[in-house]
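The values are calculated or read from the model by the stated rules, or taken from the named source; none is laboratory data. Quick caveat: nothing in here was measured; it's all calculated off a predicted structure. Glycine gets a Cβ as well: all are built from the backbone with ideal geometry, and neighbour counts include every protein chain shown.
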């Protein structure tokens, strides 16, 4: 399974709307097996959705995100896990192992803001 994460240096980008770089990882057997970076324009969420679909990436983990891009991404069939904070490696390790990102990696004041499913079926 592939997962995309908005990144700022070694952390989840705090605001999707100002992010410019995605880390795309391949997860196999609860381990990250491949990494690549993609540059994107957060003002064109429909283009991002098309890119993620073309790359076979069903999940996007990000920090705070405004309603319009969140709606576009969701409508494009991408599972959005917003309001996540922390070091990218720690978040991805928890996600790869099937651990909930809530509450450890949820932005302050956003508990209950992420989808209850938390993870797609594998």
Output the residues belonging to segment 46-77 that are part of a loop (DSSP other than H, G, I, E, B) and over 21 Å from residue 33 (Cβ atoms).
62, 63, 65, 66, 76, 77
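Okay, residues lined up against (1) loosely packed, with under 15 Cβ neighbours inside 10 Å; (2) in contact (Cβ under 8 Å) with a residue 24 or more places away in the chain; (3) in contact with a helix residue (DSSP H, G or I) (Cβ under 7 Å, 6 or more places away or on another chain):
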| residue | (1), (2), (3) |
| --- | --- |
| 36 | yes, no, no |
| 50 | yes, yes, no |
| 54 | yes, no, no |
| 74 | no, no, no |
| 88 | no, yes, no |
Scanning segment 77-86 for residues that are crowded, with 17+ Cβ neighbours inside 10 Å and more than 9 Å from the chain's Cα centre (by Cα), which turns out farthest from residue 8 (Cα to Cα)?
78
Picked from segment 10-32 (must be in a helix (DSSP H, G or I) and either surrounded by 16 or more Cβ atoms within 10 Å (Cβ to Cβ) or within 13 Å of the chain's Cα centre (by Cα) (or both)), the residue modelled with the highest pLDDT is 16
Residue 101: passes all of (1) at pLDDT below 95; (2) touching a strand residue (DSSP E or B) at 6+ places or on another chain (Cβ under 6 Å); (3) part of a loop (DSSP other than H, G, I, E, B); (4) farther than 15 Å from residue 11 by Cα but (4)
